[in-house]
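To start, the structure under review is shown below, and the notes come after it.
The values are calculated or read from the model by the stated rules, or taken from the named source; none is laboratory data. If you're wondering where the values come from, they're calculated on a predicted model, not measured in any experiment. In this analysis, Cβ positions are derived from the backbone assuming ideal geometry, glycine residues included, and neighbour counts consider all displayed protein chains.
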Amino acid sequence: MGLDKLDRRGSVDELVGRAREGDARAVARLISWVEDQAPQLREVMAALAPYAGHAQVVGITGSPGVGKSTSTNALIGALRKAGKRVGVLAVDPSSPFSGGALLGDRVRMQDHALDRDVYIRSMASRGHLGGLAWSTPQAVRVLDAAGCDVVVIETVGVGQSEIDVAGLADTTLVLLAPGAGDGIQAAKAGILEIGDIYVVNKADRDGADQLRRDLRNMIALGHTVSEERAEGSWRPPIIKTVAHRNEGVDDLVAAIDEHVAWLRDSGELETRRTRRVRDEIEVIAVTALRRRWDDVHARVELDDLAAAVAAGRSDPYTAADTLLENL
Ligand SMILES: Nc1nc2c(ncn2[C@@H]2O[C@H](COP(=O)(O)OP(=O)(O)OP(=O)(O)O)[C@@H](O)[C@H]2O)c(=O)[nH]1
Ligand SMILES: [Mg+2]
C-alpha cells in the first residue's frame with residue numbers, strides 16, 4: 001500500500017468513525033462523496049458494511065405539490081416523539097443539481113432543522129452514469145450506519161421515478177390529493193402497483209372521500225385480477241391526512257408499523273432487501289463496464305477497424321471481438 005493510499009485509508013476510517021457517532025458534517029461529507037462517485041467510496045462502503053441493515057427505509061412519492069415534504073415533516077415529528085433518529089433524502093431525479101429546486105423541501109422540513117437526531121439532505125444525480133439508482137442506496141447506507149432508525153426518501157413523481165423509488169424502499173407511500181383527476185392519473189402511471197400504503201393528502205379539500213373510494217375500488221380490482229394473491233398478502237391501506245395540520249399522521253405511522261411487521265413476518269423484508277442490493281450491485285458493475293467501454297475508444301482505433309471491415313479485410317464480428325478483448 002503506497003503512502004498516499006495509507007493516508008487516504010486513515011481519513012476514511014476517521015470519517016466513518018465520526019459518521020458512526022452521528023456527526024452531521026462527517027455524514028454530509030460521505031454523502032457528497034456518494035454524489036461525486038469519489039474514488040474513496042469503495043473503502044467507505046467496505047467500512048460501513050458491518051453496520052448496514054438496521055434502518056427502516058420509507059419511500060414517499062407522488063405528483064409535484066401533493067404534499068410529500070409537508071408529510072415528511074409531519075412524519076419526522078411523529079418519529080421523533082417515538083425517540084427515533086431520522087434521516088431524510090430528498091431526491092430529484094430530473095435535476096442534476098442539488099439545492100435549487102429542493103430548497104422548498106428544506107423549508108417545509110425546517111421544524112426539525114436544529115434537531116441533532118434528524119438529518120435532512122437533498123440529493124441530485126449530477127448527471128452521472130447510473131444516476132440516482134447508483135447514489136441513493138449508498139446514501140441510505142451512510143445514514144443507516146450513522147444510526148438512523150428510519151430513512152425517508154422523498155422523490156418527485158415524474159414518470160419512471162416513482163416506480164424506481166419503490167425499488168429503493170422497504171415501505172413505499174404513494175401520496176395523492178383530491179382534484180386534478182389524480183386517481184385516474186395514478187392508475188395510468190402504474191403507481192397502483194407500487195404503493196404499500198396510499199395516502200390521500202389534502203383531505204381538507206373537496207373530493208377526498210371520492211378519491212379514497214376510487215382508489216379503494218381500483219386497488220380491489222387489481223387484487224382480484226392478479227391471480228390468487230397468496231394468503232396473508234398485504235392489502236394496501238388508504239390513509240387520509242391533512243399534512244400541514246398533522247391530521248392523520250398517527251394513522252399513517254401506525255400503518256407503516258403494521259407494514260413493517262408484515263414485511264418481517266412474511267419474509268418479504270429479506271426478499272426486498274436482497275432484490276435491492278442485487279440491483280445496486282448490477283448498477284455498480286454496469287457503470288464500471290461502461291467506463292471501461294469508454295476507455296476502449298482511447299486504446300482501439302474504431303475507425304481503423306471499421307475501414308478494414310468496409311474494405312472487406314475483416315468482418316464485423318472479428319472487429320467487435322477486438323473491442324471486447326480490450327475491455
Ligand atoms: N390544503 C392543504 N395543503 C397542503 C396539505 N399538505 C401540504 N399542503 C400544501 O401544499 C403545498 C405543497 O406541499 P409540499 O409538501 O411542498 O409538496 P411536495 O409534494 O413536497 O412538492 P414537490 O417536492 O415540489 O413535488 C404547500 O403549500 C403545502 O403547505 C394539506 O393536507 N392540505
Ligand atoms: Mg417536496
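From Ser233, Ser226, which residue is touching an Asp or Glu at 6+ places or on another chain (Cβ under 9 Å), under 17 Å from Ala166 (Cβ atoms) and modelled with pLDDT under 90?
Details: Ser233 fails: touching an Asp or Glu at 6+ places or on another chain (Cβ under 9 Å).
Going through Ser233, Ser226 in turn, just one is touching an Asp or Glu at 6+ places or on another chain (Cβ under 9 Å), under 17 Å from Ala166 (Cβ atoms) and modelled with pLDDT under 90: Ser226.
Somewhere in segment 252-259, is a residue closer than 25 Å to Met45 by Cβ and without any contact (Cβ under 8 Å) to a residue 40 or more places away in the chain?
Of segment 252-259, the ones closer than 25 Å to Met45 by Cβ are none.
No, segment 252-259 has no match at all.
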(Q) Going by what's in this entry, would Pro39 be described as farther than 30 Å from Val174 by Cα and either part of a loop (DSSP other than H, G, I, E, B) or within 16 Å of ligand 1 (Cβ to nearest atom) (or both)? (A) yes
Q) Assuming Lys84 fulfils every condition listed in (1) away from ligand 1 (no atom under 16 Å from the Cβ); (2) in a helix (DSSP H, G or I); (3) more than 19 Å from the chain's Cα centre (by Cα) apart from one, which condition is it? A) (2)
Q. What residue, among those in segment 237-252 that are buried (at least 18 other Cβ atoms within 10 Å of the Cβ) and assigned to a helix (DSSP H, G or I), is nearest to ligand 1 (Cβ to nearest atom)?
A. Ala243
Q. Across segment 39-79, what is the total count of residues that are within 11 Å of ligand 2 (Cβ to nearest atom), under 13 Å from Ile153 (Cβ atoms) and of a type in the set (A, V, I, L, M)?
A. 1
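Which ones in segment 134-163 are in a strand (DSSP E or B) and modelled with pLDDT under 95? Spell out the reasoning first.
Within segment 134-163, the subset in a strand (DSSP E or B) is 150-156.
If the condition is that a residue be in a strand (DSSP E or B) and modelled with pLDDT under 95, then Ile153, Glu154, Thr155, Val156 are the ones that fit.
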Q.
On the basis of being modelled with pLDDT of 85 or more and among the acidic types (Asp, Glu), does Asp196 make the cut?
A. yes
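Restricting attention to segment 19-30, does a residue exist that is under 30 Å from Arg245 (Cβ atoms) and either more than 16 Å from ligand 2 (Cβ to nearest atom) or not basic (Lys, Arg) (or both)? Walk me through it before giving the result.
Here is the first cut: in segment 19-30, the ones under 30 Å from Arg245 (Cβ atoms) are 24.
Filter again for either more than 16 Å from ligand 2 (Cβ to nearest atom) or not basic (Lys, Arg) (or both), leaving 24.
For segment 19-30, residues under 30 Å from Arg245 (Cβ atoms) and either more than 16 Å from ligand 2 (Cβ to nearest atom) or not basic (Lys, Arg) (or both): present.
Return the residue satisfying two criteria in turn: it lies in segment 47-72 and is small (Gly, Ala, Ser) and within 16 Å of Leu143 (Cβ to Cβ), and of such residues it is farthest from the chain's Cα centre (by Cα).
Initially, segment 47-72 is screened for residues small (Gly, Ala, Ser), giving 47, 49, 52-53, 55, 59, 62-63, 65, 67, 69, 71.
This time we only want the ones that are within 16 Å of Leu143 (Cβ to Cβ), so: 47, 49, 52-53, 55, 59.
On the way: Ala47: 21, Ala49: 18, Ala52: 16, Gly53: 15, Ala55: 13, Gly59: 7 Å.
Among those that are small (Gly, Ala, Ser) and within 16 Å of Leu143 (Cβ to Cβ), it is Ala47.
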Q: Go through segment 52-74 and give me each residue that's of a type in the set (Gly, Ala, Ser) and in a loop (DSSP other than H, G, I, E, B).
A: Ala52, Gly53, Ala55, Ser63, Gly65, Gly67
Q) From the residues in segment 16-25 that are touching a residue at least 24 places away in the same chain (Cβ under 8 Å) and not charged (D, E, K, R), which one is surrounded by the most Cβ atoms within 10 Å (Cβ to Cβ)? A) Ala19
